[in-house]
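All remarks here apply to the structure that follows.
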Amino acid sequence: MSYAIRAEGLVKKYGDMVALDGVDLEVPAGKVIGVLGPNGAGKTTTVRILATLLRPDAGHATVGGYDVVKDQTRVRGLIGLTGQYASVDEDLSGTENLVLIGRLLDLSKRDAKARAAELLEQFELVEAADRSISTFSGGMRRRLDLAASLVGRPQVLYLDEPTTGLDPHARQEVWQVVRRLVADGSTVLLTTQYLEEADQLADRITVFDHGQVVAEGRPDELKRRIGGQTLQVRPTVPADLHEVGRILAELTGATPAHDLNTGLLTAPVSDPMLISALVRRLDGAGITADELGMRLPSLDEVFLALTGQPAQESPQDTLAERNVA
């Protein structure tokens, strides 16, 4: 297997604080790897090292076969980086921003204009190409930011929480762009605090906690790793909740969880045949259900089991993850 990124034993310290404590990471070429972790887990520090913006205190990493410390210029020629906040100039138009970046990358004026036009079409921004960025919606800005990171045709793209602060519609727009990039052969390392985003986009997921990798695998592998499936049922008549809960408890041996907002009862199970037994018991009791089924744990539940805390990060990150250059 060909790997676009390989890291072994990465260590980074800020004074007495250990941001990375022996991180190993492998990213196959042409795939999307989702990097998850709670606040301060080391995700952004890892991206900065792989982007040659930080030097590791120990360990070794290569991108496209080039060392991120010894071959920085070559690595930078292979990568693109989109951070949490737009890097484009709001006083310029979409075209002017992309042409400027092209010129900074030593493209001729003609080639820079041609590349800008190509990207504006690819990202469906042609109609807004000559408008000031200050008039763009959040989704349009993020698409332009992605376009800006692709001016140099990078082989590897780092997306550091690219949809932070976007509404669901704008987030879907960015997801579509990422899918197209991967279909065209790009390799993507995606850090995100939205677990649905990782579930939608990532071929494999690496979970960070306290500067270490605590789990990795395909989304379905991680879901199965924490054990079993979940049996869920929502009775049609709210008055039946107590009886349904009693039946679930008898069948599963566990106290069902009750979502007060949705009326959904859930309980962990190891035997998928229990759903048939539940249907028979409900039918015998004359109870109907609007929802009844089995599911694997969600990535949220996996994340909570692995790290002991929910995935949602605070707006302010730690010194190691945000403010140290």
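Which ones in region 66-77 are at pLDDT below 95 and either open to solvent by less than 10 Å² (accessible area, probe 1.4 Å) or in a loop (DSSP other than H, G, I, E, B) (or both)?
Gly77, the sole residue that qualifies.
Tally up the residues in region 47-65 that are part of a loop (DSSP other than H, G, I, E, B), touching a strand residue (DSSP E or B) at 6+ places or on another chain (Cβ under 7 Å) and hydrophobic (A, V, I, L, M, F, W, C), please.
Number satisfying all stated conditions: 2.
What's the number of the only condition in (1) surrounded by fewer than 20 Cβ atoms within 10 Å (Cβ to Cβ); (2) of a type outside the set (A, V, I, L, M); (3) in contact with a Phe, Trp or Tyr (Cβ under 9 Å, 6 or more places away or on another chain) that Arg171 fails to meet?
Going through (1) surrounded by fewer than 20 Cβ atoms within 10 Å (Cβ to Cβ); (2) of a type outside the set (A, V, I, L, M); (3) in contact with a Phe, Trp or Tyr (Cβ under 9 Å, 6 or more places away or on another chain) one by one, Arg171 breaks only (1).
Go through region 1-41 and count every residue that is of a type in the set (Phe, Trp, Tyr) and more than 15 Å from Val63 (Cα to Cα).
1
Restricting to region 32-46, what's the tally of residues that are modelled with pLDDT of 90 or more and in a loop (DSSP other than H, G, I, E, B)?
1
Restricting to region 146-156, name every residue that is of a type outside the set (S, T, N, Q) and closer than 21 Å to Asp111 by Cβ.
Result: Leu146, Ala147, Ala148, Leu150, Val151, Gly152, Arg153, Pro154.
What number goes with the only condition from (1) free of Cβ contacts under 8 Å to residues at least 60 places away in the same chain; (2) buried (at least 23 other Cβ atoms within 10 Å of the Cβ) that Lys13 does not pass?
Every condition holds for Lys13 apart from (2).
Which of the residues belonging to region 65-87 are among the β-branched types (Val, Ile, Thr) and within 22 Å of the chain's Cα centre (by Cα)?
Within region 65-87, Ile79, Thr82 qualify.
Out of all the residues in region 278-293, which are surrounded by 15 or more Cβ atoms within 10 Å (Cβ to Cβ) and either hydrophobic (A, V, I, L, M, F, W, C) or touching a Ser or Thr at 6+ places or on another chain (Cβ under 7 Å) (or both)?
Selection gives Leu278, Leu282, Ile287, Ala289, Leu292.
If you go through region 22-44 one residue at a time, do you hit one that is among the charged types (D, E, K, R), under 21 Å from the mean Cα position of the chain (by Cα) and open to solvent by less than 10 Å² (accessible area, probe 1.4 Å)?
Yes, region 22-44 has at least one match.
Being touching a Gly at 6+ places or on another chain (Cβ under 8 Å) and not in a helix (DSSP H, G or I) is the filter; apply it to region 264-296 and report the residue that is modelled with the highest pLDDT.
Result: Leu265.
Hey, His242 hits all of (1) more than 20 Å from Glu301 (Cβ to Cβ); (2) modelled with pLDDT under 90 but one; which does it fall short on?
Going through (1) more than 20 Å from Glu301 (Cβ to Cβ); (2) modelled with pLDDT under 90 one by one, His242 breaks only (2).
Yes/no matrix, rows are residues, columns are (1) under 36 Å from the mean Cα position of the chain (by Cα); (2) closer than 14 Å to Thr236 by Cα:
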| position | (1), (2) |
| --- | --- |
| Leu251 | no, no |
| His258 | yes, no |
| Gly263 | yes, yes |
| Asp271 | yes, no |
| Ala277 | no, no |
| Ala289 | yes, yes |
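The values are calculated or read from the model by the stated rules, or taken from the named source; none is laboratory data. This one's a predicted model, so the numbers in the text were calculated from it and none came from an experiment. As a convention, Cβ positions derive from the backbone with ideal geometry for all residues, glycine included, and neighbour counts pool all protein chains shown. The area values use the complete protein model at the heavy-atom level, side chains included, leaving out ligands, DNA and RNA. Shrake-Rupley method; radii C 1.70, N 1.55, O 1.52, S 1.80 Å.
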